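A.B. asks: Sharing a structure, written as structure tokens. Questions coming.
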Amino acid sequence: MPSFLEKLKKGMGVEAGKEKPRKKRQAPARQEPPQELKIEPELIKKIEIEGIDKPSSAKASAGKEEWFKEPAGQLAIDVFQTEQYLIIQTAIAGIKPGNLEVTVERDIVAIRGIRQKPTKEEGEYFTKECYWGPFAREIIVPVEIDPDHIEATMQEGVLTVRMPKILREKKRIITVKA
């Protein structure tokens, strides 16, 4: 009578004494490039001519939208919570607060903007790590927040978005009326 282990091997297609060759593990798939950011053509011209004063509207009129030629850069963020707030922090050096757009739609917070190159000098680069151009990041909010009382502040190149959490009682006692 075959043992349990022999039955198990047979069920798995493994012959007694022989094991199937193991498949080699493949390297993890590369992450997809960041999504492209929609930017109005008028804004692109304004940046080229005089710089940017205000961010473009995320909802430009249909037919007048163009995809920016290069993909948007993505921000590195920290998301954490306190007892009363959900907080997002990101380092955005070289950006004026008026050049940022922070929007909330349902449970998604979006941060968008354009980082302008400080000089127009071109040359032969030895290292090129700084990102210049449009950037965007969307964050799915893990807790319920109050969108009417969100505050965004910029201090020393760090954007902090404070969102008050909606605190609902986990357990509520209901009195029964006679």
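The values are calculated or read from the model by the stated rules, or taken from the named source; none is laboratory data. Everything quoted here is computed from the prediction, not taken from an experiment. Note: ideal-geometry Cβ built from the backbone for every residue, glycine included; neighbour counts use all protein chains shown.
A.B. asks: How many residues does the range 107-119 contain that are over 16 Å from A93 (Cβ atoms) and part of a loop (DSSP other than H, G, I, E, B)?
C.D. replies: Of the residues in that region, 1 qualify.
A.B. asks: Which residue pairs have Cβ atoms closer than 7 Å, lie 6 or more positions apart in sequence or on different chains, and pair a first residue in the range 139-159 that is over 21 Å from R106 (Cα atoms) with a second residue that is loosely packed, with under 12 Cβ neighbours inside 10 Å?
C.D. replies: What qualifies is G157/A93.
A.B. asks: Further question on the same structure: Can V158 be described as of a type in the set (A, V, I, L, M, F, W, C), surrounded by 15 or more Cβ atoms within 10 Å (Cβ to Cβ) and at pLDDT 90 or above?
C.D. replies: Numbers: of a type in the set (A, V, I, L, M, F, W, C): yes; surrounded by 15 or more Cβ atoms within 10 Å (Cβ to Cβ): no; at pLDDT 90 or above: yes.
Against the criterion (of a type in the set (A, V, I, L, M, F, W, C), surrounded by 15 or more Cβ atoms within 10 Å (Cβ to Cβ) and at pLDDT 90 or above), V158 does not qualify.
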